[in-house]
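Bear in mind these aren't lab numbers, they're just calculated from the coordinates by the rules spelled out. Keep in mind that this is a model prediction, so the values were computed, not measured. A quick note on method: Cβ atoms are made from the backbone with ideal geometry, for glycine too, and the neighbour counts reach across all protein chains shown.
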Amino acid sequence: MADPFALKYDKYSLNQKEKLAKLCLKYKLEAGNAKEKYWDPKRKTFVVNLKSYKSKAVREFFPSLKNAKNDSLEFRKALQLANRCLKKYEESGAEQELEEKSKIKYREPGAGRKHTALEVRQAAFEWIIDVRGF
C-alpha cells in the first residue's frame, strides 16, 4: 500500500525545492556550532541539544505544518524532503560562486575525449563490414 503523504511532497517543482534547501542552509549557518548543554535527570548526565534547523525551515516553508508535532507522519515526510533537498543542494555546489573553468579542463567529467581521424575510422569500419558480408 502506498503512503498517502509520500506523493504529496513529490508535486513540488525544482525551484520550490531549491528555495527549501536555501532556507535550510540559512538556518544551518545561523545555528553554526551553537550547542546547548542541559542536565537530563533521567539519564543523569549533561546532554547536548543541537538546534534543529531543518525542522525550523520545514515549519516556515510549509504553513500547514507550523503547529504539527515532530513525530507526525506528515511532518516526518516533509523533513525527509528537506533533508534530500539540502543534500542535493550542497552536493551540487550551487551555494558557491561558479568558478571559471581552467583552460586545461574545458570538458565536463565523463564526457570522453574527441575522436581523431574520423575518415580513417569510417573507412576501417566499412572495410570490416564488407569483409564480413553484412
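Of note:
- Cα→Cβ-extended label distance, 7 Å offset, between residue 120 and residue 132, nm: 2.2
- Estimated from the Cβ-Cβ distance and a Förster radius of 41 angstrom, the FRET efficiency linking residue 92 and residue 40 is about 0.60.
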